[in-house]
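Worksheet: the structure to be examined is printed underneath.
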Amino acid sequence: MTNPTWWKEGIIYQIYPRSFQDTNGDGIGDLAGIAARLDYLVWLGADAIWISPIYPSPMADFGYDISDYCDVDPLFGSLHDFDHLVEEAHRRNLKVILDYVPNHTSDQHAWFAESRASRSNPKRDWYYWKDPNPDGGPPNNWISNFGGSAWELDPGTGQYYYHAFLKQQPDLNWRNSEVVAAMSDVLRFWMRRGVDGFRVDVLWHLMKDAEWRDNPPNPAFREGQPDIERLLQVHSADQPEVHGIVQHLRRVVDEFPDRVLIGEIYLPIDRLVTYYGRDLSGAHLPFNFQLIQSAWIARQLAALIREYEAALPAGGWPNWVLGNHDKPRIASRIGRPQARVAAMLLLTLRGTPTLYYGDEIGMENVSIPADQVQDPWEKNEPGLGFNRDPQRTPMQWGDEENAGFTIGKPWLPLELRFRERNVKAFAADRNSILVLYRRLIALRRRHKALTIGSYREVESEGDVLAHERAAGGEVILVALNLGREAQRLKARGRGTGQVLLSTLGSREGEAIHAEIEIGPDEGLVIGYGAAADAGPIEADPPEGGG
Ligand code: GLC
Ligand code: CA
């Protein structure tokens, strides 16, 4: 059964493999653990899983430093385990998306070992090597995303190599056609194994200024911001030539049917949408992180949703993300009551939603004692508040020891309240955030208006955020209160509606007339026409999974 647009209608669930499920007691999640939890993901209603890197890696950046693109790190299992996982996922109609990290390899990759061996090595040009400045210093002023100079002197050959991230992550030279060919074969290798698509790491970084000009200072820099913010990334990222590479990656992905190309891109909306490419020849889904980056203020969110919808190229499919392994947990950022409202927003906006593991049970940032810090960024730039460990803690499955994540010592500490806050407890509680997520996903699946319907902003004021989705005879109004005071919203002109789902679980089935009262921290999905006929979504909807 093929469905060329599964990535438009479906829901993507991001798994950080170290923290999902351990099966061999080493305290680190593995592929067998993911396979063991697939039924949970089907129950939740996910359509695809995106797994952060599982390849052999010295783990300087927890898998984003890859020493072999075509294998599995023994920590996570084997290629055999991977094939088994794909088979089990596909049997359940779940797609599998892998992380593809083309900007840099590990400094332990065989390619880099060759490249650094001598100035005349055939792979020298696979990375960026430059002579020192006349004063012996680095070739230009570029700064690493993890702090300090982006250049590392290699004493053996007397040249510097460029690394946009850790010095253990040398950047690949995408102007070199052998690199392009080798990295294209990596995509083919995994697609032949059945992989349904890729999330491309730091896609906007792939090309750098051909002349390696200095970046200008950032006039808005303030002490306390990460080092990288000192300069504007004018020459080190988002170069015009990057679109040629994106197009090339898309062509490779299109050699196989029904695959998806997703790009990790942190750029303002007007720059972000250029990654769809001319005539949509670029990424299917340039990740849209607006909900992660914006303050949780209704008027501000309304403006950015409007701006994003307006900026999309014709036929470009939108997408929304609430959390990932690099950003603080949504429940900590906006509070637990609003995390439910955020779930309703994520799952009712137009476009593919990506859910970060654990957000469906309202996981919060876990505070990490100084002697247990793992994140290399935090180690490089301690105390600025950018540690990424807090949002990477083990998934909370049950109330047993270590929440059922491991029988060993977990690589990061668990949330202290995991005995009350876990999948098992929440699945049995119809008022839990987990059941809300499950019902929202089921509702989205049930109504074409929510999956592929049109989007229209509904005029609102103050803390209210409202929009309307429609398809066929279905009209769905979503009314969210982002504040702590009751609000009102005018709902004239649609006839009588019916509450299909409420974040507070209290008003389902209620008839809605000309005006809606929305309680503090409340979100409502209201059906009209054919959408009302279907009635409220069950407290225990049928299983999803395609
Ligand atoms: C991306 C990843 C992040 C990683 C970085 C370097 O931003 O999401 O976790 O540290 O790239 O690969
Ligand atoms: Ca393990």
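Couple of notes before you dig in:
- Cα-based Kirkwood hydrodynamic radius, segment 472-546, one decimal, Å: 12.8
- Per-q log10 I(q)/I(0), segment 153-196, q = 0.19, 0.21 Å⁻¹ (Debye; single scatterer per alpha-carbon; no solvent): -0.76, -0.82
- Surface analysis of segment 430-504 yields an accessible area of 40 Å² per residue, using protein heavy atoms and a 1.4 Å probe.
- Net charge of neighbours whose Cβ lies under 10 Å from the Cβ of H447, counting Lys and Arg as +1 and Asp and Glu as -1: +4
- Hydrodynamic estimate: the Kirkwood radius of segment 95-212 over Cα pairs, inserted into Stokes-Einstein at 10 °C and 1.306 mPa s, corresponds to D of 105 µm²/s.
- Residues whose amide H comes within less than 5 Å of that of I143, counting only those at least five positions distant or on another chain, are A150 (H built at 1.01 Å from N in the peptide plane).
- Beta-bridge orientation, the chain: approximately 60 percent antiparallel, per DSSP, counting only bridges with both partners inside.
- Rg over Rh for segment 1-108 works out to 0.98, using Cα positions for both radii and the Kirkwood form for Rh.
- Coupling constants for segment 189-205 follow from the phi torsions by the Karplus curve (6.51 cos²θ - 1.76 cosθ + 1.60, θ = phi - 60°), and in residue order they are 3, 7, 5, 4, 7, x, 5, 8, x, 9, 9, 8, 5, 5, 4, 6, 8 Hz; glycine and proline get x.
- Sorted peptide list for 533-541, 238-246, 96-104, criterion being average Cβ within 10 angstrom, highest first: 96-104, 238-246, 533-541
- Using a probe of 1.4 Å, the accessible surface attributed to I66 totals some 0 Å² when neighbouring protein chains are kept in position.
- Gained length - I297 relative to E178, 0.36 nm times residue gap less alpha-carbon distance: 38.1 nm
- Rounded FRET efficiency, nearest 0.05, which uses the C-beta distance separating S281 from E461 and R0 of 45 Å: 0.65
- Å² of accessible area per residue within segment 219-355, as computed with a 1.4 Å probe and no ligands counted: 36
- Reciprocal mean inverse distance between Cα atoms of segment 237-345 - Kirkwood radius, Å: 15.2
- For the Cα trace of segment 181-266, dividing Rg by the Kirkwood Rh returns an Rg/Rh value of 1.11.
- In Hz, Karplus ³J(HN,Hα) per residue of segment 60-70 (6.51, -1.76, 1.60; θ = phi - 60°; x = Gly, Pro): 4, 10, 6, x, 7, 10, 9, 9, 7, 6, 10
- Its Cα centre serving as origin, the chain has a Cβ charge dipole (Lys and Arg +1, Asp and Glu -1) of approximately 1180 debye.
- Across R271, R259, the residue with the most accessible area heads the list, and the full order at a 1.4 Å probe is R271, R259.
- Accessible area in square angstrom per residue, segment 17-129, 1.4 angstrom probe: 31
- Projecting the alpha carbon convex hull of the chain along each direction and taking the average yields 24.7 nm².
- Listed values for segment 432-449 are Karplus-derived 3J(HN,Hα) couplings in whole Hz (6.51 cos²θ - 1.76 cosθ + 1.60, θ = phi - 60°), namely 6, 5, 4, 5, 4, 4, 4, 5, 4, 5, 5, 5, 4, 5, 6, 10, 4, 4, and x replaces Gly and Pro.
- Radius 15 Å from Cβ of G385, net charge of other residues (Lys, Arg +1; Asp, Glu -1): -2
- Counting 0.36 nm for each residue step from E9 to H90 and taking away their Cα separation leaves a gain of 27.5 nm.
- Spin-label model distance (nm) - N24 vs K379, 7 Å beyond Cα toward Cβ: 2.3
- Amide hydrogen neighbours beyond the local backbone of L231, cut-off 5 Å, H modeled: N218
- Overall, the accessible surface of the chain at a probe of 1.4 angstrom is composed of carbon and sulfur to the extent of 51 percent.
- Stokes-Einstein D for segment 1-57, Kirkwood Rh over Cα pairs, 20 °C, 1.002 mPa s (µm²/s): 171
The values are calculated or read from the model by the stated rules, or taken from the named source; none is laboratory data. Keep in mind it's a predicted model, so treat the numbers as computed, not measured. Heads up, the Cβs are rebuilt from the backbone with ideal geometry, glycines too, and the neighbour counts pull from every protein chain shown. Each accessible area value is taken on the protein alone, full model and side chains, heavy atoms only, with ligands, DNA and RNA left out. Shrake-Rupley method; radii C 1.70, N 1.55, O 1.52, S 1.80 Å.
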